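Working notes for the structure below.
Here, each number is a calculation from the coordinates, and none is a lab measurement. Just so it is clear, the structure is predicted and the values come from calculations on it, not from any experiment. Cβ: placed from backbone, ideal geometry, glycine included. Neighbour counts: every protein chain shown.
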Amino acid sequence: MIRRLFYLSLGAFLAFWVMRRLQALHPNHVVRRTADGAAGMLARVRDFTSDALGEAAERETQLRARFGLDNAEIDN
C-alpha cells in the first residue's frame, strides 16, 4: 500500500513537472522571454554607451586643459 502511494505521488509530481516544462516551451512564452532578454540587453548597451561617452568627454576636457587647447581656434 505504501509503495503504491509512493509511486502515485511520484507520478503526480512528474506529470506536474512535465506540464510546467511543456508550458515553458509554448511559442508565446518563448517570444516573451526573448523580447524581455533583448530589451534588457538593449538597456545594458545604452548604459554602457552613455558611461563610455561621458568618460570620453571628461577625458577630452582634461586633455584640452592640460595642453591648453580650450581657447584654440580651428583653422579652416
Checklist entry - Pick from VAL18, VAL45, VAL31: which residue has the top mean-square fluctuation in a GNM of the chain where Cα pairs under 10 Å get a spring? => result VAL18
Checklist entry - What residue among GLY40, GLY11, GLY54 shows peak mean-square fluctuation when the chain is described by a Gaussian network model with Cα springs under 10 Å? => result GLY11
Item to check | region 1-56 - Kirkwood radius from inverse mean 1/r over Cα pairs (Å) | outcome: 15.0
Checklist entry - Could you give the nm distance between label points at ARG4 and MET41, where each point is 7 Å from its Cα heading toward the beta carbon? => result 5.3
Checklist outcome for this item: Treating only Lys and Arg (+1) and Asp and Glu (-1) as charged, each at its beta carbon, one finds that the chain has a dipole about its Cα centre, in Debye to the nearest 20, of 1300
Checklist entry - Nearest 10 degrees, 0 to 90: what angle lies between the long axis of helix 27-67 and the longest principal axis of the chain (Cα atoms)? => result 20
Checklist outcome for this item: Among ASN28, ALA39, GLY54, the residue whose Cα sits farthest towards the positive end of the charge dipole of the chain, when +1 is placed on the Cβ of each Lys and Arg and -1 on the Cβ of each Asp and Glu, is ASN28
